[in-house]
């Protein structure tokens with residue numbers, strides 16, 4: 001592979017195709033914030049505003065401003081979204097709603113802790129971009145709420161009867177690996193280093209099951225395997241995404257053994273999650289090969305493949321593993337062949353098992369200005385320094 | 001079509017294939033109740049017990065005992081499931097949990113009102129089968145809970161912020177059309193007749209939208225169309241199933257105009273929901289042809305097709321519509337060709353858009369001893385009297 005040409009390919013796709021799409025199509029000029037429900041050509045088909053995606057777009061444009069180029073239109077795009085979130089996104093006490101109407105009226109209560117994590121990430125990066133203490137304060141106050149809620153993230157919306165089957169979920173420790181690095185300038189070196197030990201242990205020794213060679217989505221509260229639908233659930237894309245968060249954290253902490261292990265888990269997950277028949281990575285699987293509950297289990301999702309490009313490439317740069325490079329090339333081929341829309345800007349998100357487009361939207365309730373541009377940015381930069 | 005041969009085909013499939021499968025494979029001899037997570041051959045792959053499916057199997061075996069033949073093993077199968085539900089299925093006050101462990105420990109809180117409706121239906125039919133006042137009392141007490149909860153069915157688990165977008169959902173009035181007839185011996189003639197007016201109005205004049213010619217899953221509290229993801233959501237199988245509930249109710253009330261309208265809505269929904277490319281009926285659609293949120297939107301589900309067989313055949317018997325008979329034949333061909341497992345008992349539940357098996361399970365969290373045997377029974381009987 002010619003890394004120089006490839007790096008240019010990712011950079012150009014990011015700056016000439018994907019970023020202009022969101023900059024021009026998603027901003028709500030009337031009420032602020034962003035429309036994320038955009039059809040194949042970028043037309044708005046629904047106006048609800050989902051906090052995950054509002055926050056992620058604030059983060060993305062702040063990040064581009066901070067790390068790529070100080071373009072005033074990027075800063076303004078991030079800032080206006082941050083203002084909308086600041087005014088309407090929470091209940092006054094940094095409990096972040098799940099969704100709002102286009103005017104900013106709350107639709108769905110603050111039941112989802114990832115609305116908080118993406119808000120914290122957004123305001124931390126926006127604080128850096130603007131130098132505003134107010135935004136940095138919002139990031140810190142939101143982070144405090146996350147710590148308060150982390151024991152029972154769903155709070156009063158938790159439908160599990162206490163005591164029968166107490167499970168803990170992989171997503172929060174996984175996201176915290178990334179969020180703590182994003183917020184180190186606010187949280188401080190000591191806090192990040194101390195938390196890292198616990199987070200790495202949780203991801204690599206509790207949710208990673210050596211008997212399977214895989215990461216599961218849920219374990220019993222005592223850390224043991226739960227032979228239930230939730231306990232057997234595998235989400236290969238999730239596990240692989242977590243591995244680049246772990247590699248970043250381990251690089252920051254200078255823990256080579258953890259980098260090696262994360263690289264191995266990436267490869268093991270790919271071997272297990274790759275669809276031998278049609279190509280691409282499955283969305284959900286069952287650790288014992290029972291039928292999963294998720295009807296969409298065999299679909300091929302954009303974020304799974306973009307995150308895999310990042311993890312395999314970081315693994316190659318940090319360990320020199322040729323196996324990682326081979327997988328990067330294989331997933332690169334699949335991803336560009338199937339997810340890139342060659343007729344209209346931005347990428348498809350949802351393919352069926354055969355790799356055919358199942359939903360032609362460019363954005364919706366879950367797909368917004370995040371995984372495609374973050375993935376393109378990360379791969380561009382990794383290729384530059386590899 | 002030779003209705004006599006066809007009737008025998010449905011009867012034999014019910015009594016020689018499907019009923020023995022559940023009778024022999026699903027009963028938990030140790031703790032009582034039923035395992036519903038059964039793989040293609042009928043082996044148990046998960047032991048959680050979901051109240052919807054526990055109650056539906058109690059209902060099905062009671063119904064067979066009451067309407068087909070007084071087989072002691074059918075009654076015992078229903079009775080032991082009823083005992084398990086009576087002891088473990090609710091909180092002591094007929095608030096029905098969503099799921100239990102195999103031993104009967106509650107797993108998921110009583111957040112779902114359809115656990116209540118299926119429990120009421122089960123105990124009403126079991127009361128008839130056994131002559132037990134205790135079971136009939138449980139059915140009545142549960143029905144009272146449903147009436148108390150119907151304004152806000154999700155109760156404290158409702159995540160919608162009050163006041164912003166108050167929607168009401170189609171499923172409850174739809175199910176009540178059927179449940180009231182199932183429970184007329186308990187609720188009384190007068191109650192059923194009075195409720196029927198309101199229920200028929202709700203289904204046929206509020207959730208049915210003449211401008212679309214279709215039934216939507218959610219409307220605003222004032223009965224107007226909501227141009228949102230929830231408001232645009234179509235579930236063709238749901239709408240078509242409701243039409244045979246309405247036809248039954250209208251037949252009971254001797255309302256010929258309602259029968260005619262229900263027959264028309266069935267046909268309109270089929271025309272709209274039929275996949276012209278691959279055959280079969282879509283699972284979810286958007287009333288304005290925007291992308292739906294449900295990733296499984298284009299899958300072909302067993303219950304959709306079985307319910308359609310019932311509705312088209314009732315429509316034919318009650319109105320003489322040749323169009324209904326044509327659709328019955330078309331859906332009959334598709335259903336037997338794609339859902340029936342010719343190598344192992346019972347039917348597949350989940351096909352992809354092309355009609356290929358996506359999950360080979362015979363039962364799971366949502367598929368149990370219900371739509372296949374109820375559909376076979378209903379079609380058998382309709383063919384007999386047509």
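See the values below:
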{"quantity": "Residue that is farthest from residue A:244 (Cα to Cα) [pool: residues in the range A:331-342 that are touching a residue at least 40 places away in the same chain (Cβ under 8 Å) and surrounded by fewer than 18 Cβ atoms within 10 Å (Cβ to Cβ)]", "calculated": "A:341"}
{"quantity": "Qualifying position, being surrounded by 17 or more Cβ atoms within 10 Å (Cβ to Cβ) and not in a helix (DSSP H, G or I), among A:325, A:295", "calculated": "A:295"}
{"quantity": "Condition check for residue A:83: away from chain B (no Cβ under 14 Å), farther than 23 Å from residue A:155 by Cα, part of a helix (DSSP H, G or I) and modelled with pLDDT of 95 or more", "calculated": "yes"}
{"quantity": "Residue satisfying all of: in the range A:164-181; part of a loop (DSSP other than H, G, I, E, B) and touching a helix residue (DSSP H, G or I) at 6+ places or on another chain (Cβ under 9 Å); farthest from the other protein chains (Cβ to nearest Cβ) among these", "calculated": "A:170"}
{"quantity": "Test for residue B:195: is it surrounded by fewer than 19 Cβ atoms within 10 Å (Cβ to Cβ), touching a helix residue (DSSP H, G or I) at 6+ places or on another chain (Cβ under 8 Å) and outside any strand (DSSP E or B)", "calculated": "yes"}
{"quantity": "Residue A:16 free of Cβ contacts under 8 Å to residues at least 24 places away in the same chain, closer than 30 Å to residue A:152 by Cα and either out of contact with any strand residue (DSSP E or B) (no Cβ under 6 Å at 6 or more places or on another chain) or within 14 Å of chain B (Cβ to nearest Cβ) (or both)", "calculated": "no"}
{"quantity": "Residue in the range B:344-364 that is part of a loop (DSSP other than H, G, I, E, B), away from chain A (no Cβ under 14 Å), closer than 18 Å to residue B:14 by Cα and out of contact with any helix residue (DSSP H, G or I) (no Cβ under 6 Å at 6 or more places or on another chain) present", "calculated": "yes"}
{"quantity": "Candidates B:97, B:88 - the one that is more than 24 Å from residue B:244 (Cα to Cα) and surrounded by fewer than 23 Cβ atoms within 10 Å (Cβ to Cβ)", "calculated": "B:88"}
{"quantity": "Condition met for residue B:69 (in a loop (DSSP other than H, G, I, E, B), surrounded by fewer than 24 Cβ atoms within 10 Å (Cβ to Cβ) and away from every other protein chain (no Cβ under 14 Å))", "calculated": "yes"}
{"quantity": "Residue B:161, sole failed condition from (1) modelled with pLDDT of 95 or more; (2) touching a helix residue (DSSP H, G or I) at 6+ places or on another chain (Cβ under 8 Å); (3) within 14 Å of chain A (Cβ to nearest Cβ)", "calculated": "(2)"}
{"quantity": "Options A:134, A:103; residue that is outside any strand (DSSP E or B), modelled with pLDDT of 95 or more and within 14 Å of chain B (Cβ to nearest Cβ)", "calculated": "A:103"}
{"quantity": "Every residue from the range A:27-48 that is farther than 19 Å from residue B:286 by Cβ and crowded, with 24+ Cβ neighbours inside 10 Å", "calculated": "A:33, A:34"}
{"quantity": "Looking only at the range B:149-174, and only at residues there that are free of Cβ contacts under 8 Å to residues at least 40 places away in the same chain and within 22 Å of the chain's Cα centre (by Cα), the one that is nearest to residue B:206 (Cα to Cα)", "calculated": "B:173"}
{"quantity": "Hits in the range A:260-272 - residues which are surrounded by fewer than 20 Cβ atoms within 10 Å (Cβ to Cβ) and either within 12 Å of chain B (Cβ to nearest Cβ) or closer than 23 Å to residue A:351 by Cα (or both)", "calculated": "A:271, A:272"}
{"quantity": "Candidates A:257, A:275 - the one that is surrounded by fewer than 18 Cβ atoms within 10 Å (Cβ to Cβ) and over 27 Å from residue A:13 (Cα atoms)", "calculated": "A:257"}
{"quantity": "Residue under evaluation residue A:304, criteria (1) within 20 Å of residue A:39 (Cα to Cα); (2) in a helix (DSSP H, G or I); (3) within 14 Å of another protein chain (Cβ to nearest Cβ), criterion not met", "calculated": "(1)"}
{"quantity": "Failed item, numbered, when residue B:244 is tested on (1) in contact with a helix residue (DSSP H, G or I) (Cβ under 9 Å, 6 or more places away or on another chain); (2) closer than 22 Å to residue B:202 by Cβ; (3) surrounded by fewer than 21 Cβ atoms within 10 Å (Cβ to Cβ)", "calculated": "(3)"}
{"quantity": "Test: residue in the range B:120-130 that is crowded, with 17+ Cβ neighbours inside 10 Å and not in a helix (DSSP H, G or I)", "calculated": "no"}
{"quantity": "Residues of the range A:235-289 satisfying the condition of being out of contact with any strand residue (DSSP E or B) (no Cβ under 6 Å at 6 or more places or on another chain), more than 21 Å from residue A:175 (Cβ to Cβ) and in a loop (DSSP other than H, G, I, E, B)", "calculated": "A:254, A:275, A:276, A:277, A:278, A:279, A:282, A:288, A:289"}
{"quantity": "Hits in the range B:284-301 (condition: touching a residue at least 12 places away in the same chain (Cβ under 8 Å) and more than 9 Å from chain A (Cβ to nearest Cβ))", "calculated": "B:284, B:285, B:287, B:300"}
{"quantity": "Filter result (within 14 Å of chain B (Cβ to nearest Cβ) and touching a residue at least 40 places away in the same chain (Cβ under 8 Å)) within the range A:29-45", "calculated": "A:35, A:36, A:37, A:38, A:39, A:40, A:41, A:42, A:45"}
{"quantity": "Candidates A:22, A:59, filtered to the one that is in a helix (DSSP H, G or I), away from chain B (no Cβ under 14 Å) and in contact with a strand residue (DSSP E or B) (Cβ under 9 Å, 6 or more places away or on another chain)", "calculated": "A:22"}
{"quantity": "Residue count for the range A:210-234, restricted to those that are assigned to a loop (DSSP other than H, G, I, E, B) and away from chain B (no Cβ under 14 Å)", "calculated": "11"}
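Rundown of residues vs (1) surrounded by fewer than 19 Cβ atoms within 10 Å (Cβ to Cβ); (2) at pLDDT 95 or above; (3) farther than 25 Å from residue A:287 by Cα, yes/no style:
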residue: A:150; (1), (2), (3): yes, no, yes
residue: A:171; (1), (2), (3): yes, yes, no
residue: A:210; (1), (2), (3): yes, yes, no
residue: A:215; (1), (2), (3): no, yes, no
residue: A:219; (1), (2), (3): no, yes, no
residue: A:222; (1), (2), (3): yes, yes, no
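The values are calculated or read from the model by the stated rules, or taken from the named source; none is laboratory data. No experiment lies behind these values; they were computed from the predicted model shown. No Cβ is skipped: glycine too gets one built from the backbone with ideal geometry, and neighbour counts run over all protein chains shown.
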